[in-house]
1. Taking the stated definitions as given, is residue 298 part of a loop (DSSP other than H, G, I, E, B), surrounded by 18 or more Cβ atoms within 10 Å (Cβ to Cβ) and more than 18 Å from the chain's Cα centre (by Cα)?
2. Can you name the residue in segment 29-50 that is exposed (fewer than 15 other Cβ atoms within 10 Å of the Cβ) and outside any helix (DSSP H, G or I) and is also modelled with the lowest pLDDT among such residues?
3. State all residues of segment 54-83 that are surrounded by fewer than 23 Cβ atoms within 10 Å (Cβ to Cβ) and over 20 Å from residue 137 (Cα atoms); if no residue qualifies, say none.
4. List the pairs whose first member sits in segment 311-338 and is assigned by TED's automatic domain parsing to the domain that holds residue 61 and part of a loop (DSSP other than H, G, I, E, B), whose second member is at pLDDT 95 or above and exposed (fewer than 14 other Cβ atoms within 10 Å of the Cβ), and whose Cβ atoms are under 6 Å apart, counting only residues at least 6 apart or on separate chains?
5. Determine, yes or no, whether residue 276 is touching a residue at least 12 places away in the same chain (Cβ under 8 Å), buried (at least 18 other Cβ atoms within 10 Å of the Cβ), outside the structural domain of residue 82 (by TED's automatic domain parsing) and in a loop (DSSP other than H, G, I, E, B).
6. Filter segment 218-253 down to residues that are touching a residue at least 24 places away in the same chain (Cβ under 8 Å), within 16 Å of residue 274 (Cα to Cα) and in a loop (DSSP other than H, G, I, E, B), then give me how many there are.
7. I'd like the full set of residues that are loosely packed, with under 15 Cβ neighbours inside 10 Å and within 23 Å of residue 79 (Cα to Cα), limited to segment 234-251.
């Protein structure tokens with residue numbers, strides 16, 4: 001009898017685990033594939049295929065501060081790969097210590113390849129298009145296309161690397177430079193214990209994380225934080241109530257009032273929260289999101305449980321070795337901090 005009870009309890013446990021896993025999949029939550037070939041199919045773009053030569057060159061350009069007008073700011077300044085892929089500021093700071101005029105924070109670059117749209121207002125379709133924006137924006141890197149092209153083509157090592165990546169007849173223009181940065185960004189994927197769980201490892205999450213996942217789904221969080229990015233699509237902000245810090249900054253979303261849903265991957269590493277960075281902690285952000293998006297009162301206990309689940313989305317980051325950048329030449333544009 002005891003043996004039957006033990007076996008029965010084990011069967012119930014396995015069934016419950018399988019049920020939660022299936023419930024998560026039914027809710028639209030999608031794992032990063034274990035297979036590298038399957039992952040490559042998701043992140044690659046046939047218009048700009050990923051190659052070792054492109055990604056290494058793109059990494060150099062991602063860390064290249066001389067693309068900016070001042071010679072001080074690189075893509076990595078606001079999208080720090082050593083932390084959560086952002087800068088940890090409520091509002092991004094750029095050229096001449098200029099704060100973002102709309103009081104917008106820098107979204108993470110990790111897993112951005114999975115987003116349906118880029119930028120908070122979704123105005124860019126992919127990471128290549130997004131890479132073109134900040135370099136030219138006056139409050140960010142404040143450069144011009146001419147400055148960027150002249151900087152890159154003034155250094156023989158960059159020229160030779162472009163030829164190795166694209167062929168000897170490559171035209172090194174501004175779009176090609178941004179596309180190369182985007183090619184590198186496509187590889188910034190962070191599979192996490194949550195993916196291991198959805199891929200079949202029932203022990204990849206702790207019991208507390210599984211309870212948090214259940215709470216996350218029961219409260220309706222997966223309505224917007226769904227798909228492989230657990231976010232990245234466009235939605236209205238303030239469906240059931242007005243966001244209490246909506247007046248901080250003048251951002252109102254796109255022409256239809258839609259705002260990009262933040263990814264929850266590595267969310268424990270990207271405080272402060274919301275587009276204007278006015279929610280300092282993850283628990284406060286969860287409670288406020290429940291109020292304004294779901295019309296639900298999320299208790300502190302429930303918020304803590306959901307936060308525990310979100311720790312399972314802390315991913316395994318790719319090893320990034322800081323690149324050695326080419327020497328300047330007499331024709332390299334000089335920095336200008338004015």
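The values are calculated or read from the model by the stated rules, or taken from the named source; none is laboratory data. In this text, all values refer to a predicted model and were calculated from it rather than measured experimentally. We place every Cβ from the backbone using ideal geometry, glycine too, and count neighbours over all the protein chains shown.
1. In short, yes.
2. 47
3. If the condition is that a residue be surrounded by fewer than 23 Cβ atoms within 10 Å (Cβ to Cβ) and over 20 Å from residue 137 (Cα atoms), then 55, 56, 60, 81, 82, 83 are the ones that fit.
4. Final answer for the pair search is none.
5. Yes; evaluated as a whole, the condition is true for this residue.
6. Qualifying residue count for the region: 19.
7. 250, the sole residue that qualifies.
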